[in-house]
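Single-structure report; data block below.
The values are calculated or read from the model by the stated rules, or taken from the named source; none is laboratory data. If you're wondering where the values come from, they're calculated on a predicted model, not measured in any experiment. With ideal geometry, Cβ positions are generated from the backbone for all residues, glycine too; neighbour counts draw on all protein chains shown. Just so you know, the surface numbers come from the protein's heavy atoms only, side chains and all, with ligands and any DNA or RNA stripped out. Shrake-Rupley method; radii C 1.70, N 1.55, O 1.52, S 1.80 Å.
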Amino acid sequence: MEKPKQSFKVPVQERGITLQELPGEITLYFNLGNCSCHCRGCHSQHLWDTNVLTTYRTPAWIIEQVQHYASEITAVLFMGGNRNGMDFTQFMQEVVKPVSQFGKPIGIYLGDWTADDLQEAAQYCRWIKVGRYDDSKGGLATPGTNQIFLEVQTDKFQKRKRG
């Protein structure tokens, strides 16, 4: 496994295990702080502008967490703001790519994304949720939402309904 550079740090606000985020999976999740999207009605406002409260973790720490929980989990998820001052390409290369080497499927939530972000995430992630939260349109379980939950299948995408 590649050794990540230790100068890059990830704003991990919290981590835990959930059964709710990815379909049929026991998921180790990492909530990323310092979200600059500030979506009206966001249910994760505790992830906004958390510079003072956030612990900046090295890629090695995240990899160690995945390794520690590997026998208890079936997937890994990165959620929270992806527009938080982190270089997305560097995050994908130094965190997500090495985590993918554990053979656990990975999910990522991209609130504010570009086509390049989506293409890059699809290299390593099985699930990708895209779209800023729009209070007037609701979340994934709401008809007419602007958010999409995608499942990557080889180089195809499948839109999945949740809820």
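How many nm is it between the label spots at Ala115 and Ala141, if each spot is 7 Å from the Cα in line with the beta carbon?
3.4 nm
Once every DSSP H run of n ≥ 4 in the chain is given -39500 (n - 2.57) and the sum is divided by its residues, what mean residue ellipticity at 222 nm do you get, rounded to the nearest 500 deg cm²/dmol? List each step's numbers first, then the result.
Values: 4 runs with 27 residues, N = 163.
Helix contribution divided over all residues of the chain: -4000 deg cm²/dmol.
With a 1.4 Å probe and every protein chain left in place, tell me how much accessible area Trp48 has, in Å² to the nearest 10.
It works out to around 60 Å².
Kindly report the accessible area of the chain per residue (heavy atoms of protein chains, probe 1.4 Å, no ligands, DNA or RNA), in Å². Can you show the working numbers first?
Numbers: 8500 Å² over 163 residues.
Accessible area per residue, the chain: 52 Å².
Starting from a Cα-only point model with no solvent, please compute log10 I(q)/I(0) by Debye for the chain at q = 0.11, 0.14, 0.17 1/Å.
Computed log10 I(q)/I(0) values: -0.41, -0.68, -1.04.
Which order do you get for Glu14, Glu94 if you rank them by accessible area with a 1.4 Å probe, largest at the top?
Greatest to least solvent exposure: Glu14, Glu94.
Grab the other residues whose beta carbon is less than 14 angstrom from that of Tyr69, score K and R as +1, D and E as -1, and report the net.
Surrounding charge for Tyr69 is -1.
When the accessible area of the chain is split by element with a 1.4 Å probe, what percent falls to carbon and sulfur?
Carbon-and-sulfur percentage of accessible area, whole number: 48.
Which order do peptides 110-117, 124-131, 145-152 fall in by mean Cβ count within 10 Å, highest first?
The densest-packed peptide leads the list: 124-131, 145-152, 110-117.
With contacts defined as alpha carbon pairs under 8 Å and 6 or more residues apart, what's the relative contact order of the chain in percent?
20 percent
Taking 0.36 nm per residue of sequence separation and subtracting the Cα-Cα distance, how much length would be gained by fully extending the chain between Asp87 and Phe8, in nm to one decimal?
Numbers: separation 79, 0.36 × 79 = 28.44 nm, distance 0.92 nm.
Between Asp87 and Phe8, full extension yields an extra 27.5 nm.
Charges only on Cβ, +1 for Lys and Arg, -1 for Asp and Glu: so what's the dipole of segment 36-152 about the Cα centre, in debye to the nearest 20?
Computed charge dipole of segment 36-152: roughly 200 debye.
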